Amino acid sequence: MRILAIDYGEKRLGLAISDELAMMVRPLVTLLRTPKEKSFSQIKNYIKEFEVSKIVVGFPLRLDGTKGDSAIKVEKFISELQLIVSCPIITWNEQLTSHEAEERMLQRGLNKAQRQAQIDQFAALVILEDYLSNNSENSNLH
């Protein structure tokens, strides 16, 4: 049961993927959002290649827990993505994931250019790790 995570951004989509047991996570790729059809086609190809059973999309809630403009854009993205994929798509609060992703890349010794190129996929990694560690249905997999 592989899970794909997506960190939605205005220009890029960061993707991360779990292993078959949904225990380990790795960054996958950063996709440009335009043209939209190409990015959706690439996502669909990754879903097929890795036999993804679920997608987790980072959901940008405000610090007070309310939805803002960014959350509404993510909801639109999910609605469009759901039209072309058959697996379930769920949202997961992504507060502070960019900061955590930056810290992890620094720990791995990535230089500034590498960090800028990979920030989105590392943010997706953080989203997916957080989802897996806090989701009770996954605790049954161990």
With every protein chain left in place, what is the accessible area of residue 97 in Å² (1.4 Å probe, nearest 10)?
-> 10 Å²
In terms of solvent-accessible area of protein heavy atoms at a 1.4 angstrom probe, what is the ranking of 31, 83, highest value first?
-> 83, 31
Please list the equivalent ellipsoid semi-axes of the stretch 1-44, computed as the square roots of five times the alpha-carbon gyration tensor eigenvalues, in descending order and whole angstrom.
-> 22, 10, 6
Can you send over the solvent-accessible area of residue 100, 1.4 Å probe, protein chains only, in Å² to the nearest 10?
-> 70 Å²
For residue 37 and residue 62 in one chain, what is 0.36 nm times their gap in residues minus the Cα-Cα distance, to one decimal in nm?
-> 6.1 nm
In order over the stretch 121-135: 3J(HN,Hα) from phi, Karplus 6.51/-1.76/1.60, θ = phi - 60°, whole Hz, x for each Gly or Pro, gives 6, 6, 5, 4, 4, 5, 4, 5, 4, 5, 4, 5, 6, 10, 9
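From the protein chains alone at 1.4 Å, what is the descending order of accessible area for 57, 25, largest first? List each step's numbers first, then the result.
Details: 57 0, 25 30 Å².
Order by accessible area, largest first: 25, 57.
With the Cα gyration tensor of the stretch 47-122 giving a ≥ b ≥ c as the square roots of its eigenvalues, does the rule (a/c under 1.5 for rounded; else a/b larger than b/c for prolate; else oblate) give rounded, prolate or oblate?
Verdict is oblate for the stretch 47-122.
Using Stokes-Einstein with the Kirkwood hydrodynamic radius over Cα pairs, what translational diffusion coefficient do you get for the chain at 20 °C and a viscosity of 1.002 mPa s, in µm²/s rounded to a whole number?
Numbers: Rh = 15.2 Å.
My calculation gives 141 µm²/s for D.
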Would you pull out the residues with amide H under 5 Å of residue 9's amide H, same chain only if 5 or more places away, H placed 1.01 Å from N?
-> 14
Taking the chain as a Gaussian network, Cα atoms linked when under 10 Å apart, which of 40, 122, 59 shows the biggest mean-square fluctuation?
-> 40
Run through the DSSP bridge list for the chain and note the antiparallel percent, rounded to the nearest 5.
-> 55 percent
Å² of accessible area per residue within the chain, as computed with a 1.4 Å probe and no ligands counted = 56 Å²
With a 1.4 Å probe and every protein chain left in place, tell me how much accessible area residue 37 has, in Å² to the nearest 10.
-> 130 Å²
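The values are calculated or read from the model by the stated rules, or taken from the named source; none is laboratory data. Keep in mind that this is a model prediction, so the values were computed, not measured. The protein model used for the area step is the full one, side chains on, heavy atoms only, and it has no ligands, DNA or RNA in it. Shrake-Rupley method; radii C 1.70, N 1.55, O 1.52, S 1.80 Å.
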